[in-house]
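The values are calculated or read from the model by the stated rules, or taken from the named source; none is laboratory data. Quick caveat: nothing in here was measured; it's all calculated off a predicted structure. Cβ sites come from the backbone with ideal geometry, for glycine too, and all protein chains shown count toward neighbours.
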């Protein structure tokens, strides 16, 4: 960003970390404290986020989209936010660059965005699929028109990252390939309303190869079922049009996935404390109330969970400072705070906008946007 709000997202506080003083968990969703927490994070990140500098746009997404979800986007300088996000897009010099195998999406921060040399050549392209997804999510949140985005560069270069097995590399070299980046590609195409950036059938085949014997999805074929991987698989299939509305009511037998086994795996993830775990034999964790909860919402199985118990668990992770922590009694962080808000939106908490479970952000169609 170039304006004052932009400068806020290009700096991190160097003040000492505050010390926790724990109190009895609140018995209600404290919207005012959460707004104060998110506004503080929007203004300046505490110094302990310095190690996440490369992912600054992701942190910005959690803060800004969080304020949107809480219906408080009036606290954001929308123009300054848009300008800052747009300044992080990489642009090819010519068509040869566009087909060089590099991604011309968005950088995660200034530290991965080196200036052009004297000849105008970009010396390093660190744009990333996850950063591109977060950039588009922020722009959507602040109401920026995607008609003004260089979508051709994004989609054309993104398609070059799809592998023969249908998976995606998130960057042009030296990176993992798993369901996270299939999801990012699907979400980017969906938000831009243009599917030229991926081959959906190949991506579908890769996703189906990731379903495990127990019904959940691992991040790669043959790996352990995982809540995050399962969300990426199901949300991607839904965004790509392979899972229809009310899949349970229509025809379970015609589903592209083993639906009964998947639902059973998801429902087994709710623990005795009411929270959701991401894998078998792991403790409950705030974020999986979204990752698993959203899968169940997409598939029509959310009605089978104990929502009161889930709400009770989430309240034990609600911080007196605002925000949510990973586990009860710990300090909040932006990641778990954001997914705490999305989880409460799934629970239809008053004061929160409805959620689009496939994108993990405000359902703008309900707001007439």
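Here are some notes:
- Residue 224 meets all of the listed conditions (1) closer than 21 Å to residue 263 by Cβ; (2) surrounded by fewer than 21 Cβ atoms within 10 Å (Cβ to Cβ); (3) touching a strand residue (DSSP E or B) at 6+ places or on another chain (Cβ under 9 Å) but one, namely (3).
- Residues located in segment 298-329, provided they are part of a loop (DSSP other than H, G, I, E, B) and either closer than 25 Å to residue 72 by Cβ or within 17 Å of the chain's Cα centre (by Cα) (or both): 317, 319, 320, 321, 322, 323, 325, 326
- Top-ranked residue in segment 127-148 [being in a loop (DSSP other than H, G, I, E, B) and touching a helix residue (DSSP H, G or I) at 6+ places or on another chain (Cβ under 7 Å); ranked as nearest to residue 68 (Cα to Cα)]: 142
- Condition met for residue 202 (surrounded by 15 or more Cβ atoms within 10 Å (Cβ to Cβ) and more than 18 Å from the chain's Cα centre (by Cα)): yes
- In segment 212-221, residue surrounded by the most Cβ atoms within 10 Å (Cβ to Cβ) [restricted to those that are at negative phi and touching a helix residue (DSSP H, G or I) at 6+ places or on another chain (Cβ under 6 Å)]: 217
- Residue in segment 31-49 that is surrounded by 15 or more Cβ atoms within 10 Å (Cβ to Cβ), touching a helix residue (DSSP H, G or I) at 6+ places or on another chain (Cβ under 8 Å), at pLDDT 95 or above and assigned to a loop (DSSP other than H, G, I, E, B) present: no
- Segment 149-174, residues that are surrounded by 23 or more Cβ atoms within 10 Å (Cβ to Cβ) and over 24 Å from residue 138 (Cα atoms): 167
- Residue 291 under 28 Å from residue 163 (Cβ atoms), touching a helix residue (DSSP H, G or I) at 6+ places or on another chain (Cβ under 7 Å) and surrounded by fewer than 23 Cβ atoms within 10 Å (Cβ to Cβ): no
- Within segment 301-318, the set of residues being surrounded by fewer than 17 Cβ atoms within 10 Å (Cβ to Cβ) and more than 27 Å from residue 33 (Cα to Cα) comprises 303, 304.
- Checking each residue in segment 78-105 for being in a loop (DSSP other than H, G, I, E, B) and either crowded, with 19+ Cβ neighbours inside 10 Å or under 22 Å from the mean Cα position of the chain (by Cα) (or both) picks out 87, 88, 90, 92, 102, 103, 104, 105.
- Counting the residues of segment 175-216 that are in a helix (DSSP H, G or I) and over 20 Å from residue 136 (Cβ atoms) gives 8.
- Just one of the numbered conditions (1) farther than 25 Å from residue 258 by Cα; (2) modelled with pLDDT under 95 is not true of residue 188: (2).
- Number of positions in segment 67-77 that are assigned to a loop (DSSP other than H, G, I, E, B) and surrounded by fewer than 16 Cβ atoms within 10 Å (Cβ to Cβ): 1
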